[in-house]
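Visitor: Right, I'll just put the structure down here and ask away after.
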Amino acid sequence: MARGFRQKIRQKNTENSGFGSNASGRFINKDGFPNVKRRGVNVFNKLSWYHTMLNLSSFRFLSYLVIAYIVVNLCFAFIYYLIGVEHLTGIDKSDPLNEFIDVFFFSSQTFTTVGYGRIAPVGFMASLVATFEAFLGLLTFAIATGLFYGRFSRPRAYLRFSDDTIIAPFQGTTALMFRLAPYKNNALTDAEVIVSTAIEVIENGIPKSNFYRLEIQMSKINTLALNWTVVHKIDENSPFFGFTEQDFKNTDIEIIVQVRAFDEVFSNTVVQRTSYVSEEIIFGAKFVPMYSPSKDNLSTILDLDKINEYQKTELPATLEVQQ
């Protein structure tokens with residue numbers, strides 16, 4: 001069901017958002033990837049396998065490699081077994097299970113080109129399969145090595161965003177705030193944040209999404225070493241001007257965030273995105289400080305466990321009257 005805002009918003013709709021007014025659902029997922037499903041092409045043309053493997057989590061990436069390695073060797077073991085174990089020397093023929101285990105380990109040794117020598121192929125068919133398997137193993141490990149290097153060397157921002165954005169008191173009025181922080185020991189400089197919002201409005205009885213650029217109090221910082229609280233002041237220049245708590249709850253709103261910074265180690269620009277929807281906007285709160293001096297006052301402690309912590313607070317009376 002559409003939850004469009006029925007009052008008129010003063011700001012001009014932005015046309016360069018990259019999304020259409022009739023798009024549905026969340027525009028940007030929490031992980032930063034667009035929430036778009038493509039049709040009209042087959043799965044081999046729709047997916048870039050290289051990008052897919054690079055974007056997998058480390059656990060899933062290693063799991064897929066191990067599973068693929070086991071499955072391939074099982075397939076070749078069945079092929080050797082169908083050809084006949086008599087075409088492999090050194091097989092333990094005491095029972096079928098031992099035969100298959102020996103065939104499986106022969107396949108894994110051939111696939112990795114280790115070749116211990118206890119088991120060897122005899123005859124044309126077994127030798128042909130072993131030759132093809134060794135060739136396939138060389139290609140597979142070359143691809144796996146490239147993927148490992150690509151994942152290891154790919155520039156990433158390594159930023160952690162707060163789970164929610166808040167409406168907090170700010171300079172006699174209110175402001176929309178969220179915060180982010182680097183969680184690895186990378187050095188980010190010249191960081192810039194671009195924030196826009198999609199608000200579903202009702203025009204002539206038809207719901208549509210309008211996009212607006214949100215002005216940020218400090219959109220650029222020289223060095224991103226601690227946490228960064230991004231602040232959008234809700235004043236006459238904000239599309240949220242006049243919104244009450246019920247307006248935020250009853251309107252489909254999405255805050256789209258893009259952070260761009262320069263990584264000194266990679267000598268490259270890194271980008272990370274996320275978004276917040278209406279259910280992730282906390283009304284009347286303020287963030288708890290994340291960093292403090294060390295006990296010896298020689299360094300600063302950044303507590304990343306507190307990035308989502310906030311406490312409820314009273315908003316300015318002028319806004320409370322609007323509620």
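The values are calculated or read from the model by the stated rules, or taken from the named source; none is laboratory data. Nothing here was measured: the structure is a model prediction, and the numbers come from that model. Quick reminder, even Gly has a Cβ in these numbers, built from the backbone with ideal geometry, and neighbours come from all protein chains shown. Keep in mind that these areas ignore ligands, DNA and RNA; they rest on the heavy atoms of the full protein, side chains included. Shrake-Rupley method; radii C 1.70, N 1.55, O 1.52, S 1.80 Å.
Visitor: Specify the residue that is modelled with the highest pLDDT; the eligible residues are those in the range 31-58 that are open to solvent by 80 Å² or more (accessible area, probe 1.4 Å) and either of a type in the set (Lys, Arg) or within 18 Å of Tyr158 (Cα to Cα) (or both).
Guide: Applying the filter and picking the extreme gives His51.
Visitor: Looking for something in a strand (DSSP E or B) and either at pLDDT 95 or above or surrounded by 13 or more Cβ atoms within 10 Å (Cβ to Cβ) (or both) - is there at least one such residue anywhere in the range 145-156?
Guide: Let us first name the residues in the range 145-156 that are in a strand (DSSP E or B), namely none.
No, the conditions are met nowhere in the range 145-156.
Visitor: OK, next. Condition first: out of contact with any strand residue (DSSP E or B) (no Cβ under 7 Å at 6 or more places or on another chain) and of a type in the set (Lys, Arg). Now tell me which residues in the range 251-301 satisfy that. Lay out the reasoning, then the answer.
Guide: Of all residues in the range 251-301, those out of contact with any strand residue (DSSP E or B) (no Cβ under 7 Å at 6 or more places or on another chain) come to 265-268, 279, 289, 295-299.
If the condition is that a residue be out of contact with any strand residue (DSSP E or B) (no Cβ under 7 Å at 6 or more places or on another chain) and of a type in the set (Lys, Arg), then Lys295 is the only one that fits.
Visitor: So, restricting to strands (runs of 3 or more DSSP E) that lie completely within the range 188-231, which ones have at least 2 residues that are closer than 25 Å to Pro169 by Cβ and not charged (D, E, K, R)?
Guide: Details: elements: 188-203, 206-213, 220-224.
Correct list: 188-203.
Visitor: Mind checking which pairs have a first residue in the range 279-305 that is in a loop (DSSP other than H, G, I, E, B) and a second that is open to solvent by less than 60 Å² (accessible area, probe 1.4 Å) and of a type in the set (Phe, Trp, Tyr), Cβ under 6 Å, 6 or more apart or different chains?
Guide: none
Visitor: Taking the range 271-306 on its own, how many of its residues are in contact with a helix residue (DSSP H, G or I) (Cβ under 8 Å, 6 or more places away or on another chain) and surrounded by 14 or more Cβ atoms within 10 Å (Cβ to Cβ)?
Guide: 5
Visitor: Checking the structure you have, find out if any residue of the range 232-243 is touching a residue at least 40 places away in the same chain (Cβ under 8 Å), among the aliphatic types (A, V, I, L, M) and more than 30 Å from Ala187 (Cβ to Cβ).
Guide: Checked the range 232-243: at least one residue is touching a residue at least 40 places away in the same chain (Cβ under 8 Å), among the aliphatic types (A, V, I, L, M) and more than 30 Å from Ala187 (Cβ to Cβ).
Visitor: Being surrounded by fewer than 18 Cβ atoms within 10 Å (Cβ to Cβ) and out of contact with any Gly (no Cβ under 9 Å at 6 or more places or on another chain) is the filter here; which residues of the range 87-98 pass it?
Guide: Result: Thr89, Asp92, Lys93, Ser94, Asp95, Pro96, Leu97, Asn98.
Visitor: Quick one: Pro239 ticks every box in (1) in contact with a Gly (Cβ under 8 Å, 6 or more places away or on another chain); (2) crowded, with 19+ Cβ neighbours inside 10 Å except a single one, so which number is it?
Guide: All conditions are met except number (1).
Visitor: Kindly state which helices (runs of 4 or more DSSP H) lie completely within the range 29-93 and contain at least 3 residues that are touching a residue at least 40 places away in the same chain (Cβ under 8 Å).
Guide: Because the criterion is at least 3 residues that are touching a residue at least 40 places away in the same chain (Cβ under 8 Å), the helices (runs of 4 or more DSSP H) in the range 29-93 that meet it are 49-55, 58-83.
Visitor: Going through Leu214, Leu188 one at a time, which residue ends up being within 25 Å of the chain's Cα centre (by Cα), open to solvent by less than 30 Å² (accessible area, probe 1.4 Å), farther than 26 Å from Asp303 by Cβ and at pLDDT 90 or above?
Guide: Working: Leu188 fails: farther than 26 Å from Asp303 by Cβ.
Answer to the selection: Leu214.
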